[in-house]
Amino acid sequence: MTALAAATADTATMLRRRLRHLIRYPSLTVALIGLPVVFLLLFVYVFGGTLGAGLGSGMGSASGGRAEYADYLMPGIVVFTICAGAQGTAISVAMDMTSGIIARFRTMAIARSCVLTGHVLGSMVQTLLGEAVVLGVAIAVGARPTAGAADWLTAAGLVVLATLALTWLSVALGLASKSVESASNTPQLLILLPFLSSAFVPTDSLPAWMRWFAEHQPFTPLIESLRHLLYGGPLGSDLAVAVGWCVGIMLLAWAWARTLYARRPVR
């Protein structure tokens, strides 16, 4: 068996291990999926009537109010779901690093990269499952995307790329954490950033200093790209900027995670 084939087989084994954890302990998955759903319902049904009326027409619903705000909100909630999944990934990695299982893995004849890659792939499955649930709920509460097949495929590819980037970042954060408790807190900034973007309100409604930050942070071009892909409108430079942010974060996080995994002692 070649080294590549062996590494692939080892990664598949670690992926199965991660998926079995998700099946045996579904509470974390339910909590991570439930948080975006709660925010979706809260913003649509509590704030949607007022915020939707102020958006104007052109988001796929001419009636305004909650239905139009559901259209506006859906791309932001999709990104928020990725951020929520990052917290679960950091916790899972920290649990492995503090439970002693990694020390056993390091004595076995397996590819060193397979442990982290298995975590990444398993967490992506968990997050994309959450995305499917959130999209279903968004459509149930009134979101009506107008995208064609090509735009849906482009949007799906962008979501997968963003999920991969933030999953590697959450793996690195989990490795950098000294305990499971601290690992549950370190990704909180990722959950906060969508609130300081165009996810919930247009950036031009924000104060000047906050608007500058919202327009130049990674999530705004990602959300705007999804919004234009799903509902039409000119993409401009948003898609290229979003892809650039995702690729940059993924490469830096991947290098950081590999370095931490190689250097960090395990218990």
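Cβ-Cβ distance of R263 and R16, R₀ of 30 Å, FRET efficiency by 1/(1 + (r/R0)^6): the value works out to about 0.65. Accessible surface for V78 stands near 10 Å², nearest 10, in the context of the full protein assembly shown (1.4 Å probe). Of the residues E215, E181, E68, ranked by 1.4 Å probe accessible area with the largest first, the sequence reads E181, E215, E68. Each of E181 and T107 was given a label point 7 Å from its Cα along the Cα-to-Cβ line. The distance between the two points is 3.0 nm. Distance between the pseudo-spin-label points of R24 and V247 (7 Å out from Cα toward the beta carbon): 4.0 nm. By accessible area, using a 1.4 Å probe on protein heavy atoms only, the chain has 69% of its surface on carbon and sulfur. Largest to smallest in accessible area, the residues H216, H21 fall in the order H216, H21 (1.4 Å probe, all protein chains included).
What number, in percent, do you get for the relative contact order of the chain if the mean sequence gap of Cα pairs under 8 Å and at least 6 apart is divided by its residue count? It rounds to 25 percent for the chain. Based on Cα atoms of the stretch 10-263, Rg over Rh with Rh as the Kirkwood radius reads 1.00. One quarter of the convex hull surface built on the alpha carbon atoms of the stretch 121-228 amounts to 8.3 nm², the projected area averaged over directions.
Helices in the chain that qualify as membrane-span-like (whole DSSP H runs, Cα extent of at least 27 Å along the helix axis, mean Kyte-Doolittle hydropathy of -1.0 or higher) are 3-24, 65-99, 113-140, 149-176, 238-263. Per residue, the chain exposes 46 Å² of solvent-accessible protein surface, assessed with a 1.4 angstrom probe and all protein chains in place. When nucleic acids and ligands are ignored and a 1.4 Å probe is applied, M124 ends up with an accessible area of around 20 Å². If you plug the beta carbon distance of V160 and Y45 into 1/(1 + (r/R0)^6) with R0 = 30 Å, you get a FRET efficiency near 0.50.
When +1 charges are put on Lys and Arg Cβ atoms and -1 charges on Asp and Glu Cβ atoms, the dipole computed for the chain relative to its Cα centre reaches about 1300 debye.
The values are calculated or read from the model by the stated rules, or taken from the named source; none is laboratory data. Every value quoted in this text rests on a predicted model; they were computed, and no experiment measured them. For neighbour counting, all protein chains shown are included, and Cβ atoms are generated from backbone atoms with ideal geometry for every residue, glycine included. For accessibility, only protein heavy atoms count, side chains too; no ligands or nucleic acids. Shrake-Rupley method; radii C 1.70, N 1.55, O 1.52, S 1.80 Å.
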